[in-house]
1. Please go through (1) assigned to a helix (DSSP H, G or I); (2) at positive phi for G97 and return the number of the only condition it doesn't satisfy.
2. Can you tell me how many residues within segment 323-363 are among the β-branched types (V, I, T) and either in contact with a Pro (Cβ under 9 Å, 6 or more places away or on another chain) or open to solvent by less than 10 Å² (accessible area, probe 1.4 Å) (or both)?
3. Out of all the residues in segment 293-305, is one or more without any contact (Cβ under 8 Å) to a residue 24 or more places away in the chain and closer than 30 Å to Y75 by Cα?
4. Under 9 Å between Cβ atoms, which residue pairs at least 6 apart in sequence (or on different chains) link something in segment 247-264 that is in contact (Cβ under 8 Å) with a residue 40 or more places away in the chain and under 12 Å from L114 (Cα atoms) with a partner that is among the acidic types (D, E) and open to solvent by 10 Å² or more (accessible area, probe 1.4 Å)?
5. Exactly one condition in (1) crowded, with 17+ Cβ neighbours inside 10 Å; (2) among the polar types (S, T, N, Q); (3) at pLDDT 80 or above; (4) under 23 Å from A137 (Cβ atoms) is false for Q392; which is it?
6. Assess whether A341 counts as being under 23 Å from P176 (Cα atoms), modelled with pLDDT under 75 and under 24 Å from the mean Cα position of the chain (by Cα).
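The values are calculated or read from the model by the stated rules, or taken from the named source; none is laboratory data. Everything numeric in this text was worked out from a predicted model, so none of it was measured. Every residue, glycine as well, gets a Cβ built from its backbone with ideal geometry; the counts of neighbours run over all protein chains shown. Just so you know, the surface numbers come from the protein's heavy atoms only, side chains and all, with ligands and any DNA or RNA stripped out. Shrake-Rupley method; radii C 1.70, N 1.55, O 1.52, S 1.80 Å.
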Amino acid sequence: MQNQPTFISFPPLKDWSLSAAVAGILASTMGYAGPLVILFQVAESANLSSEVLTSWIWGMSIASGLLCGWFSLRYRMPLLFAWNAPGSALLVTLVPGMPWSDVIGAYIMSGGILLLLGVTGAFERLVNRLPLALAAALLAGILVNFSLDLFSKMTQAPLLGLVMFAGYILLRHLLPRYAIMLTVAIGVGVLALNYDLSFQQVDWQISTPNWYMPSFSLTALFSISIPLMLVAVSGQFITGIAILKQDKYSPPSNQIVAGSGLMSILFAPTACHGVNLSAITAAICTGPDANPDPKKRYFGPAVAMLWYIMFGLFSAALVSVIQAFPAAFIAMVAGIALLGALEGSLSTALNQPADREAALCTFLITASDLSLLGLSSAFWGLVIGGTIIVVQRYLKK
């Protein structure tokens with residue numbers, strides 16, 4: 001389906017539909033229902049304040065909303081954007097010990113790489129040359145510790161953990177699209193019946209962001225920026241574009257990557273670690289359930305823009321609400337929310353027999369606490385895994 005770009009304009013009444021609006025609200029809300037809690041684990045591991053979290057969520061939400069509005073209304077396609085959820089998992093081990101200004105600088109450099117890939121048209125060439133097994137193994141190595149935490153935290157709240165996990169397994173088969181959201185609802189129900197939850201300290205005032213000055217270092221570039229970019233490309237952009245093509249759209253791939261990179265740069269000083277094309281949740285907006293007419297499905301992401309902006313404006317309230325829940329619940333939600341992504345990345349990583357050994361090494365090294373020369377395990381996982389692939393292919397010649 002070839003959609004010609006048009007000037008930004010409000011959707012005509014004939015394109016409005018309740019089903020598309022609900023799809024946009026649901027798809028954007030699902031990002032807050034699970035992956036958002038990963039940021040709280042980053043904050044806990046790096047001793048970041050509630051003010052940083054408020055600013056972080058403000059930046060991610062507003063940036064995602066602006067991208068949804070711009071691209072969906074300009075190209076009349078259901079182009080949904082979100083923050084780099086797998087990338088936030090990466091930050092749990094990388095941010096602690098790194099100067100905060102270097103972290104902000106790393107976000108800017110990661111966005112700059114994406115902008116360069118999109119503007120030069122190199123994105124598609126990178127996708128064609130990047131071994132998917134290696135990129136998937138990197139992502140799996142990042143995510144596996146969250147899934148392990150899901151079970152280790154069950155010792156603190158066994159009833160809560162077992163009910164949530166059992167509910168998730170059942171829902172994955174019965175209502176896979178809504179499994180995470182409904183699992184979170186089940187967990188909240190168990191907490192309401194068995195724990196003392198208080199939301200009296202919730203701040204309902206309009207939130208404003210903080211602006212953090214960046215600094216730049218090679219350590220931050222190799223330890224954070226490059227892995228963050230690769231995870232976005234392999235875990236978000238490639239999957240999101242594939243979903244759009246599956247539903248017969250022809251998305252402007254390079255423009256999407258460039259726009260995401262530019263917005264990531266602009267909002268990095270608010271602590272936003274990056275925004276990108278949404279992947280799995282995007283399918284809610286691109287399929288026939290959103291609207292039988294493919295040309296009218298763009299209304300969903302247009303509504304999601306307003307939903308994102310609302311969450312951003314009340315990010316302080318969102319932080320207060322989530323912090324009212326027990327830490328074990330937050331860890332369990334994060335682990336459950338990432339189980340599907342871990343399953344998919346492991347499957348992709350081990351699917352190519354020729355690259356399986358390199359992918360396995362990348363996975364194990366990334367999942368470890370390896371740190372050499374001040375560089376993270378994610379960096380060394382890519383380097384060592386890539387070296388193995390190069391050597392193996394050379395020996396086969």
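1. (1)
2. First, the residues of segment 323-363 that are among the β-branched types (V, I, T): 330, 333, 336, 348, 362.
Those still in the list that are either in contact with a Pro (Cβ under 9 Å, 6 or more places away or on another chain) or open to solvent by less than 10 Å² (accessible area, probe 1.4 Å) (or both) too: 333, 336, 362.
Total meeting the criteria: 3.
3. Quick first cut of segment 293-305, residues without any contact (Cβ under 8 Å) to a residue 24 or more places away in the chain only: 293.
Applying the additional criterion that residues be closer than 30 Å to Y75 by Cα yields 293.
Yes, the conditions are met somewhere in segment 293-305.
4. S253/E124; N254/E124
5. (1)
6. Working: under 23 Å from P176 (Cα atoms): yes; modelled with pLDDT under 75: yes; under 24 Å from the mean Cα position of the chain (by Cα): yes.
Against the criterion (under 23 Å from P176 (Cα atoms), modelled with pLDDT under 75 and under 24 Å from the mean Cα position of the chain (by Cα)), A341 qualifies.
Results for (1) modelled with pLDDT of 80 or more; (2) out of contact with any Pro (no Cβ under 7 Å at 6 or more places or on another chain); (3) under 23 Å from L262 (Cβ atoms); (4) part of a helix (DSSP H, G or I), shown as yes or no for each residue.
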residue: P5; (1), (2), (3), (4): no, yes, yes, no
residue: P11; (1), (2), (3), (4): no, yes, no, no
residue: L26; (1), (2), (3), (4): no, yes, no, yes
residue: E51; (1), (2), (3), (4): yes, yes, no, yes
residue: M77; (1), (2), (3), (4): yes, no, yes, no
residue: G87; (1), (2), (3), (4): yes, yes, yes, yes
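For (1) in contact with a strand residue (DSSP E or B) (Cβ under 6 Å, 6 or more places away or on another chain); (2) closer than 30 Å to A354 by Cβ; (3) surrounded by fewer than 24 Cβ atoms within 10 Å (Cβ to Cβ), each residue gets a yes or a no:
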{"position": "G87", "(1), (2), (3)": "no, yes, no"}
{"position": "P96", "(1), (2), (3)": "no, no, yes"}
{"position": "I108", "(1), (2), (3)": "no, no, yes"}
{"position": "G112", "(1), (2), (3)": "no, no, yes"}
{"position": "T120", "(1), (2), (3)": "no, yes, yes"}
{"position": "I142", "(1), (2), (3)": "no, yes, no"}
